[in-house]
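A.B. asks: Have a look at this one before I ask anything.
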Amino acid sequence: MRRVLAILVITATVIVSASAQRYDGVTVDRYAMERVGDSLRLDIRFNATKLDIRNNEVAVITPMIVKDEESIALRSCGIYSRMRDIYYARNEHLSPTTDADMRFRERRVPETIDYHVVLAYADWMENCSVVIARQGYGCCGGKLWSESETLIERFPYERYIPEMIYLRPEIEVVKTRALRGSAYIDFPVSRTEIYLDYHDNKNELRKITGTIDSVKNDRDITIRHLSIKGFASPESPYDNNARLAKGRTAALKAYVENMYHFGEGFIDTSYEPENWEGLEVYVEHSTLPHRNEILAAIRSAREPDNKERFIKSNWPEDYRYLLDNCYPRLRRSDYVIEYEIRSYTKPEEIEAIMFTAPQKLSLEEFYILAESYDQGSDLYNEVWEIAIRMYPSDPVANLNAANTAMLKGDYTRALRYLDKAGDSAEVLYGRGLLEVLCENFDAARPYLLQAEKMGLKKAREVLDNIHNRWIVTSDDIEKNK
């Protein structure tokens, strides 16, 4: 299910018309107005070939910027009959246009007149209008007629408001979660009994019981299963290590069962006689003098006892270092507590959980809460910011978080989220919107076109609005059909 959110996208003050407008023989094919820094630029493409100019007349077309009582006449375009053109060529001081204006003889008017003017921007021009004034002058220089039409009603143009798509996550029928940890319980040499006062065993055992208690005492949570896996280190014969790993894991299971009285089969155990994988990781990140040789030995096909003797005999100093600094950490018990969390359906309840224990919420519950807020509000955005922290790898969470980042103008973070959101039509659409926000319109089009091909109709709407509100060539429009 999709959800759309309207946001403000184009911040540049630009307007473009794609359709022609006719003013009594004068057609405006296209126009564009843009503020660039302290300058204002106006481009108009006229067609005046159907303008009816009598033998002794002159038509003057003058764009004007108008705001309340303020106005400024811009460069004019004069179209002269043959006789008036000859007359004013001899009497330039009487001409209704100046050398700075555009001037054409009536029978020599090009099919299109490209009008361009740049002027200094003044504060009063904010929300101004652009008016096309037309005057006709007769043989004695008298004004015969005067008309005007509004070309642009308001500048800056009303900004384009596209729609941002939020995806609704799939419903998680059963919210199953897991807590994981490792305890480093010490045993006397060759013994499998747990001694509470031996080394730091009390604190290590509290790791396990503390993790269990953190969920067992929560009324919203039901513990379903506990698994324990014991590891021994590689020194001494393999068979003895297997005995120790198995016996010590069984002892830890018995300790937990005695503490909590879980039912039969609630705890399952497994063991690894020699933790070669952990040793390999440690050596790989070490600075041992014979690091590469020891890694090659660890990864070899030798039998475990032969492998251990080979390392010990060839690199005794490195072996002693591993024995003292690495081997104790290889002897550990990994545990996993699996549990279920009840579902939440009321927004007010979800809100309370979000601010106290957000890890208990499903993505769909975050969505339910977001729907209860005004779109784009601070609370709405906060929902998705918290959701992405809880589900950093989820494509839907990343897409929705990217939308929120774009709303806040954090385009760098939005791109980082989109990179983890997959390649669905909605994600391509989001990438297109990000480029639009950054005013990279050429970069936006391929994403939006692909999203449209994948069936997302909103992409065409954005493409059309880019074309209608930005300066584009006919080639640009044609290639995006």
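The values are calculated or read from the model by the stated rules, or taken from the named source; none is laboratory data. Keep in mind the model is a prediction, meaning the values are calculated, not measured. Ideal geometry is used to build each Cβ from the backbone, glycine not excepted, and the neighbour counts take in all protein chains shown. Only protein heavy atoms, including side chains, enter the accessible area calculation; ligands, DNA and RNA are left aside. Shrake-Rupley method; radii C 1.70, N 1.55, O 1.52, S 1.80 Å.
A.B. asks: What FRET efficiency comes out for Ala250 versus Glu349 if R0 is 56 angstrom and r is the Cβ-Cβ distance? Round to the nearest 0.05.
C.D. replies: On the way: r = 43 Å, r/R0 = 0.76.
For R0 = 56 Å, the calculated efficiency reads 0.85.
A.B. asks: Report the gain in length on full extension from Met390 to Asp52: 0.36 nm times residue separation, minus Cα-Cα distance, nm rounded to one decimal.
C.D. replies: Working: separation 338, 0.36 × 338 = 121.68 nm, distance 7.17 nm.
Working it through step by step, the gained length comes to 114.5 nm.
A.B. asks: Related question: Under a Cβ-Cβ cut-off of 9 Å, what is the net charge of the residues other than Phe266 that fall near it, where Lys and Arg count +1 and Asp and Glu count -1? Don't skip to the answer; put the middle values down first.
C.D. replies: Details: positive: Arg224; negative: Glu257, Glu264, Asp268.
Net of charged neighbours comes to -2.
A.B. asks: So, one more: Hey, of [x] 41, 27, 19; [y] 81, 26, 17; [z] 32, 30, 22, which did the structure itself give for semi-axes √(5λ) of the Cα gyration tensor in Å when calculated?
C.D. replies: Only one listed value fits the structure, namely [y].
A.B. asks: On the protein heavy atoms, probe 1.4 angstrom, tell me the percent of accessible surface of the chain carried by carbon and sulfur. Working shown, then result.
C.D. replies: Values: 11710 of 25230 Å².
C and S atoms contribute 46 percent here.
A.B. asks: Moving to a separate point now. Per-residue ellipticity at 222 nm for the chain, helices alone: DSSP H runs ≥ 4 residues times -39500 (n - 2.57), over residue total, nearest 500 deg cm²/dmol? Numbers along the way, then the final one.
C.D. replies: Values: 17 runs with 186 residues, N = 481.
The per-residue figure over the chain is -11500 deg cm²/dmol.
A.B. asks: Among the listed pairs Lys207/Lys360; Lys202/Lys253; Lys216/Lys246; Lys216/Lys253; Lys175/Lys216; Lys207/Lys229, which have their C-alpha atoms separated by more than 23 angstrom in this model? Each step should come with its number before you reach the end.
C.D. replies: On the way: Lys207/Lys360 21 Å; Lys202/Lys253 15 Å; Lys216/Lys246 27 Å; Lys216/Lys253 17 Å; Lys175/Lys216 16 Å; Lys207/Lys229 15 Å.
Among Lys207/Lys360; Lys202/Lys253; Lys216/Lys246; Lys216/Lys253; Lys175/Lys216; Lys207/Lys229, the Cα-Cα distance tops 23 Å for Lys216/Lys246.
A.B. asks: By the scheme Lys and Arg +1, Asp and Glu -1, what is the net charge of all other residues having a beta-carbon under 11 Å from that of Tyr198? Before the final figure, lay out the partial values.
C.D. replies: Values: positive: Arg191, Lys202; negative: Asp186, Glu193, Asp197, Asp200, Glu204.
Charge balance near Tyr198 sits at -3.
A.B. asks: Going through segment 211-285, which GluC sites (Glu not before Pro) have at most 12 other Cβ atoms within 10 Å and a DSSP loop state?
C.D. replies: Values: sites: Glu235, Glu257, Glu264, Glu274, Glu277, Glu280, Glu284; in loops: Glu235, Glu264, Glu274.
Hits after loop and neighbour filter: Glu264.
A.B. asks: In nm, what is the difference between 0.36 nm times the number of residues separating Gln375 and Asp200 and their Cα-Cα distance?
C.D. replies: Details: separation 175, 0.36 × 175 = 63.00 nm, distance 5.28 nm.
So the chain would gain 57.7 nm between Gln375 and Asp200.
A.B. asks: Would you mind getting the accessible area per residue of segment 343-465, heavy atoms of the protein chains only, 1.4 Å probe, in Å²?
C.D. replies: Working: 5290 Å² over 123 residues.
So segment 343-465 comes to 43 Å² accessible per residue, rounded to a whole number.
A.B. asks: Calculated FRET efficiency, Ala178 and Asp464, Cβ-Cβ r, R0 51 Å, to nearest 0.05? Mind showing how you got there, number by number?
C.D. replies: On the way: r = 49 Å, r/R0 = 0.95.
For R0 = 51 Å, the calculated efficiency reads 0.55.
A.B. asks: Mind giving me the FRET efficiency for Arg416 and Ala296? R0 is 35 Å, r the Cβ-Cβ distance, nearest 0.05 is fine.
C.D. replies: After rounding, the FRET efficiency stands at 0.35.
A.B. asks: Here is a further query. Please report, in debye to the nearest 20, how large the charge dipole of segment 142-277 is about its Cα centre when each Lys and Arg carries +1 at its beta carbon and each Asp and Glu carries -1 there.
C.D. replies: Numbers: 19 positive and 23 negative charges, 62 e Å.
The calculated dipole for segment 142-277 is roughly 300 debye.
A.B. asks: Still on this structure, please answer the following. Find, among the trypsin sites (Lys or Arg not before Pro) in segment 190-248, those assigned to loop by DSSP (not H, G, I, E, B) with at most 12 other beta-carbon atoms within 10 angstrom. Walk me through the numbers before you get to the answer.
C.D. replies: Numbers: sites: Arg191, Lys202, Arg206, Lys207, Lys216, Arg219, Arg224, Lys229, Arg243, Lys246, Arg248; in loops: Arg191, Arg219.
Of the trypsin sites (Lys or Arg not before Pro), the ones in loops of segment 190-248 whose Cβ has at most 12 other Cβ atoms within 10 Å are Arg219.
A.B. asks: Take the alpha carbon atoms of segment 239-292, find their center, do the same for segment 373-435, and report the distance between the two centers in whole angstrom.
C.D. replies: 41 Å
A.B. asks: Residue farthest toward the positive end of the dipole of the chain, with Cβ of Lys/Arg at +1 and Asp/Glu at -1: which of Ser214, Ser76, Val256?
C.D. replies: Ser76
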